[in-house]
Structure formats: structure tokens, C-alpha cells
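Where a number appears in this text, it was derived from the coordinates with a stated rule and is not lab data. Because the structure is a prediction, the values reported are computed rather than measured. Cβ atoms come from the backbone with ideal geometry, glycine included; neighbour counts cover every protein chain shown.
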Amino acid sequence: MGRKDVNRRTGKVGPGNGAREGNSPQARNGRTETDGRPELSVEIAQSGQSGRKDGSKVPAGSRVSGQGTVAPTPAAQGASYEQVQKMHPLYFNIVKKRYIWFALSLLVIIPGVISLFTRGLNLGIDFQGGTMLDITFNKPTTQGAITRTLDSVGLSGSVQPSNGNKEVLIRTQALDEQTRNKLLAALQSQVGPYDAGKLQEDKVSPEIGQELTHNALLALGIAMGLMLLYITIRFQFSYAISGIIALVHDVLVTLGVFSLFHWQIDAPFVAAILTIFGYSINDTVVIFDRIRENEAKMKRGDSYEDMVDKSVWQTMRRSINTVVTVLIALFSVFILGGASTKVFALAMLIGVFSGAYSSIFNASQILVEIKTRLSDSPKGKPSRARA
Amino acid sequence: MRRRNILKLIVLVLAVAAAVALSIPKLSNPTSGIPLGLDLRGGVHLVLQAQPGANGKPITKDDMDKAKAIIAKRVNELGVSEPVVQADYQKDRIIVDLAGIKDPNKAVEVLKTTAQLTIRDPKGKILMQGDELKDAQASQDPSQGYVVNLTFTPAGAQKFAAITKEYLGQRIGIYLDNRVLTDPKVNVVIPNGQAEITGYSTLQDAANDAVLMRSGALPVSMTIAEKREVGASLGVDSLHRSINAGIYGLAFIFLFMLVFYRLPGVVADFSLIVYALIVLWVLWLFHAVLTLEGIAGFILSIGMAVDFNIIIYERVKEEIRLGKSLRAAVESGFSRAFITVIDAHVTTLITAVTLYVLGTGTIQGFALTLGIGILASLFTAITFTRTVLRWVVGINPQTNTRWYGVRREA
């Protein structure tokens, strides 16, 4: 969408509202208003901050109207960099400090990646195949009693008691029905009666597990390709690359944390990773959308860095609030939801948090790196501002 | 203008309240409401893998059809409501979902055993084995109606000739395991191994029996490749936990929106209710089975649905700060934010579709609710939220912008 359209549209809306006179902020702020539009002087005074030394120079990109006011309608022009800075009490220059953010990300990612390569992920039965029995006994039991029972039927596996030693999670290789029934009978006679209504059993053959792993990787690849394509079409390739790097960041953080803590992962984890994929780019796109809008309005000599910094701060509230609502939803699933959705919610929590960080602190900063390195004059305006 | 808008809003609030009151009993009805997956009411999910025979003969589609027919027949005997039996021809698998089953152990036991076809005398004594039956096909006989044509192996033909001679005029039974499939009366002696069973009322009935008779000599044995069993009370427990998680999640999101966005926050919360209703009705319409992961996807999609409102409201706030009137700010805020919203959510939609296409079982359930959720929140934002916000602004365009969470002095 070009800004000319915006002008025309807002122009159409503008005259219709007589209500403006009373509560116009410009009037209250003591600014002069001509023709319902803010004076150019305001604009220039602020733009001194944003890299331009000579305040009197009329930007080439803006049009001069008959009434002697320059600058388009407020909505089309948007707030100035300085206004945006003032609005946020905690303002600091995010773009300038970008190497700090990159370093912070690496600080989390590098140990995670090392752990991924050395220890790998704690793959559950969904990936490797096996049988998992979640049994709630009527009376508390001990880990030893369960292990001895497993031994007595010639099986070995991991035993994990919980819920005051009444509930036990047993993981073994994939059991056929006969062995499974033998084990349950042995548990009943050697450990004690259990609640059949609370029995949960998952059995996955190794072949099915391999399929899941294969499909998960395929889905990740396809989703990544489609997103790269979509962002390239809707934005530019440099945006797409920056967005995808931020995405890979989020996936690596989540995988890394799961590897470091050796938390077990199962099929829903794949869904979580893919949702992180889709959702974290969503956050990034909200910021990119504003950069795209501001980039189109850039004037000769404007600093790309400042424009990006402004865009990030303009969308700060949205970025934070949208993530907060999703985190609220995830926290309620994590704390209150069923056991099998806990790992899913945990992975999503890490991923969404990392996604918010990378959207604000990494994605746009990578875009700045790409743009400034590609253009000859690093502070200059990039050649392709979309109209 | 003002009074009319107030009236419209009152009517709308009442209408939504009525819709909620009517929808809850309808959607949560155990029989006609949204069906619950087996992880929410107990049950067993089985993936049976066909194993090629010892002679290394490849598994054909017909083999799979036979296997599916037998398993479906047995499942129906178990008395499970709405059982699911699907064949995956590419991977030679039969997928069985038995939600709400009382005794999963028995079900697995029954499904696992291979079907045995026998021909027995009127007293139930076995006369010959089904593997001597070469083929059974349903057809339409011009004079006899729908029939099943049987072809025996040469050895079987001899035996069958003897049987038909001995039991001429009596009924012989064709049994699948221990159950009578059909008990035709022997009208003539059949010497050549070509028999015809008459008296079917539809071709479908004849075809069903034919497939089961052919299956008597089924070459495939089935192993359990995947099994997920959930105890009944565990399922109920999960359902309650999920509903709880949903209620608390929704309540906190409501509160958050109220505190940060005040009046539009009320509109957003109201839109969320409409949104939730739409998603649930669409799920109901598609007969989508609600699973634990599906509910997680739904709760997550509520968190994401608010995104639309936040993106739009932040934009509206910006427009107000830039000096626009409320009404103009709402209009341009909506149209500007719309592009952002589309771009941002297409990416999540891509994920949902990819997951749905490549995922299995529980993951598909999650992808479905997530995908429907995104589309529904788009729809709600454009139609409902926008209209209601227009009405609210229409009541008093001079409303202090504090009600919109904007301080003018900045």
C-alpha cells in the first residue's frame, strides 16, 4: 500500500469529523494548526535528532501544498522519531545496541547447540518406539518394587514414581500384548492392585517412531520454505532472511533448553516447535510491517537505523501485549492442563518467549545489518523503498 | 443516533448472552454435541500393521479391505458408539479408535485374533475350513436378486458336494469365528464347487458378507504397531483439567484486556465470546473430534485471537495520539491494522495447514483447532469487533480518550 492511497483515504475521513476541533491534541499542545494539519516546523525540529543536521532543508520526498504547509496528514506521516522516544519512559536505542542482543542470544544458543550435538534430545517413545505405562496404584509403592517386578518378567526399563509414590511411569521397549498382560498381572500380584480407570498406555513400534521423526523434519522444512516465500512476496527477500534467522533462533533456543535439561520430548513437542515457527514469525511480521511502512516514507539522508529503531518502539506495546495474552493462555495450560499437554505448553512457553525476544531484539537488527552492509553508504537510504 | 446505538448494543449483548445460553447445552451434549476424543473419555487407539505372509506374497488392497471388513464387524459387536475403523492402503495399516470403551483389554483381545471362516452343520459341528473357499463375490442375479457367488478349490468342491448331498433341504451355517454369518438352505446338490447364496435385500449386504467369506483365508496377520490406551476416569480428569485451564486462561485474558484497553477492551472481551462460539460451532459442524491437544490448540488460539484486537487497538491509539477524532481513528486504525493482521496470521495458518497435512492423530486435532481458530478470529475481528466498536464510538464521539487507554498529553 503506497502512502498516496493513505493520504487520500485519510483526507476523505478527515473533513467528516467536526468533533476534532474540541479535543485536538495539537491545539492543546500549543502547536499551531493550519488547515487541520500540523505545521512543518514541528517535523523539522524533530528530524534534527534523526541524523539530519540542517533543519531548514526541505526533504525532497515530501510534497508542498498550496497553503504553505508541507508534510502530509498526521496519520500518513505518523509520529516522529522523537515523539516515539518520548512516549516510552523506558526508551533506549535498541538498534544501536544490537551487538549486545546478538551476544545475549548466542549466550543461550551456544550451550544449547553444544548439548544438542553431544547429548542430543531425550527422545520419548513416540520417536524411538517403546511402551509407556502410567499406572496409579491403590497404595504407595517403591521404585525398587517396580524394578524387581520388571526383572521377574524379564524386562528392563525406566521407572519414574510421582504423586506420592502412588503413580508410576514405566518405560520399556515396545511390548507385545502377551508380555504386556504378563507385566500387568505381575504388577498386580507383586506390587498391589491398581486403578484400571487411571491406566494409560502408549505403545509405539520403532517403525512408527521413525515415521514421526521423518514427518516432523519434513514439516519443518516445508513450513520454513513456505514462510520464506510468503515474506519474500509480501516484503522483500532481506526481510524474509532476517525473519527466518530469528525463527531458527527460537527453534534452537527451545531445542537447546530441552537438550540441556534433558526433558523428554514426544509427538506434541513437534506440534509445539511448528507452532513456535508460525507464531514467532507472526510477531516479527508485526514489526516488519511497520518498518515497511516507515521505509516507504523515508527521505533522502534519513538513517535506516533510526527508522528501524523508531519502528521497533512504535510497535513495542503490540509486541509485548500480544505475547502476554498468548503467555497467559500457555501458562494456564501448563499449570492446569492435563499431563500430556504439559510438555507441549512448556516448549511453547520457551519458544514464544524467545520469539518475542528475537522479534524485538534480533530480527529487525539483522535486517539493519543486511541493509547497511549491502548499500554503499551505510547510513544512506536503501535503494528500494517500496512505494 | 446515540439512543439508537445504545439500543443496538443492548440487543446485541442480549443476543450473544442468549446464544451462549443455548449453545452450551447443545454443544456439550454427550451424544449430539462435539464428540470427545478417547483421551478425554477413555478408550483405545490402535494402529494394526498387516504383516506379509511367510510365502512373501505382497499385501494387496483386497487384503486390506478384507481385514478392514472383519475388524469393522468385530468392532460393531463390541457395542462402542461411533467407532472409527480406517484403512491406510499405502502403509498396509488399519487404524481403530474406540472411544469410551468399557473394557479395552477385551477389545484388543477380540480384534487381534485372526478371523476363521468355517462351514458347519445345523448343530454347529465343523464340516470344512474356510481356506478351501477360493472366492466369494457379490452380484445381482436377474431371477434371484442379490446373491453371493462362491467358488471352491478343487478339494473344497469335492467336500462341498458331499456336504450338500448330506444336508440337502437343511440349513448349513457359514461361521466367522464363532458367529453365524449366514445360514443358507441347501436347495440342490452342488457338485462343481460353484455355489450361489440367494436372498440378500441389497447389494451392499451381499458385498459385506462376500468380503467376510473371502477373508476366511486371509493371508495377512496383524500386529499392533501403535496403541494408546487411556483409562476412563483419567480421560474425565483430563477433560476437567482442560476446561479449567480454558476458563482461567480466558478470565486472565479478559482482565488483561480490560486493564490495558478499557472500553475497547470490553468490546474485545465480548468479541472473544463470539469468537469462541464460532470456533466451537464450526468444530461441531465438521464433526471434529475434540482431543486434549485440540483443547490446548483452542486455548492457544484464544490467546492469539486477542492479537487482532491488540494490533488494531494499538493502531487506533496511535491514530488518536496523532490527533484524529475517535471515529476517524477507529476507521483508519482498522483498515491500517488489517494488512498487518493478515500478514502476521497467514504465517501461523501455514503452520496449521502443514501440521494438518503431515501430522497424525493428536497433532491433526491440534492443527485443526488452531487453523479454524485463526480463520474465525479474522472473521470476528472484521465483522463483529469493528461493527460493535463503531456503535460504541457512535454513542458519544466526544468520549474522553482515557476510556480508550490513551493519555493525550504525550
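Remark on segment A:147-255: ratio of C-alpha radius of gyration to 2.2 N^0.38 Å is 1.73.
Residue by residue along A:214-220, Cβ atoms of other protein chains within 10 Å of the local Cβ number 4 on average. Roughly what % of Cα-Cα distances in chain B sit above 38 Å, to the whole percent? Result: 45 percent of Cα pairs exceed 38 Å.
The share of C-alpha pairs in segment A:130-204 whose separation exceeds 19 Å stands at 22 percent. Taking a point 7 Å out from the Cα of B:SER143 in the direction of its Cβ, the residues of segment B:166-210 whose backbone N falls within less than 16 Å of it are B:187-189, B:195-199.
Could you let me know the centre-to-centre spacing of segment A:85-145 and segment B:327-365, using Cα atoms, in angstrom? First find each Cα centre; the distance between them is then 26 Å. For segment A:130-204, a crude dipole built from +1 on the beta carbon of Lys and Arg and -1 on the beta carbon of Asp and Glu, taken about the Cα centre, is about 180 debye to the nearest 20.
Mind checking the angle between helix B:292-321 and chain B's longest principal axis? C-alpha axes, 0 to 90 degrees, to the nearest 10. Taking the Cα atoms of chain B, the angle to B:292-321 is about 20 degrees. Charge dipole of chain B (Cα centre as origin; +1 on each Lys and Arg Cβ, -1 on each Asp and Glu Cβ, all else neutral): 1680 debye, rounded to the nearest 20. Note on chain B: dipole from Cβ charges, positive end direction compared against B:LEU277, B:ALA18, B:LEU40; the farthest Cα belongs to B:ALA18. Rounded to the nearest 10 degrees, the inclination of helix B:61-77 to the longest alpha-carbon principal axis of chain B is 80 degrees. As a rough footprinting exposure proxy, the listed residues B:ASP183, A:ASP302 were ranked by other beta carbons within 10 Å of their own, and the order from fewest upward is B:ASP183, A:ASP302.
Of the residues B:VAL353, B:PRO154, B:GLN129, the one whose Cα sits farthest toward the positive end of the charge dipole of chain B, with +1 on the Cβ of Lys and Arg and -1 on the Cβ of Asp and Glu, is B:VAL353. Each Cα pair of segment A:237-387 feeds into the Kirkwood radius, which the Stokes-Einstein equation turns, at 25 °C and 0.890 mPa s, into a diffusion coefficient of 150 µm²/s. In chain B, Cα pairs under 8 Å separated by at least six residues give a relative contact order of 20 percent. In terms of surrounding Cβ atoms within a 10 Å radius of their Cβ, B:VAL188, A:VAL368 rank from fewest to most as B:VAL188, A:VAL368.
Taking a straight line from the alpha carbon of B:LYS57, these aspartates and glutamates sit under 15 Å away, with near neighbours fewer than eight places off in the same chain left out: B:ASP92. Under 4 °C and 1.567 mPa s, how fast does segment B:263-310 diffuse according to Stokes-Einstein, given a Kirkwood radius computed over C-alpha pairs? Answer in µm²/s, whole number. Answer from the Stokes-Einstein relation: 113 µm²/s. With neighbours defined as other Cβ atoms within 10 Å of a residue's Cβ, the residues B:MET222, A:MET348, A:MET87 order from fewest to most as A:MET87, B:MET222, A:MET348. The translational diffusion coefficient of segment A:97-154, from Stokes-Einstein at 10 °C and 1.306 mPa s with a Kirkwood hydrodynamic radius over alpha carbon pairs, comes to 100 µm²/s. For chain B, the longest principal axis of the alpha carbon atoms and the long axis of helix B:2-27 meet at an angle near 20°. Based on Cα contacts under 8 Å between residues 6+ apart, segment B:151-291 shows a relative contact order of 15 percent. Per residue, chain B reaches -19000 deg cm²/dmol at 222 nm when only DSSP H runs of four or more residues are counted, each adding -39500 (n - 2.57).
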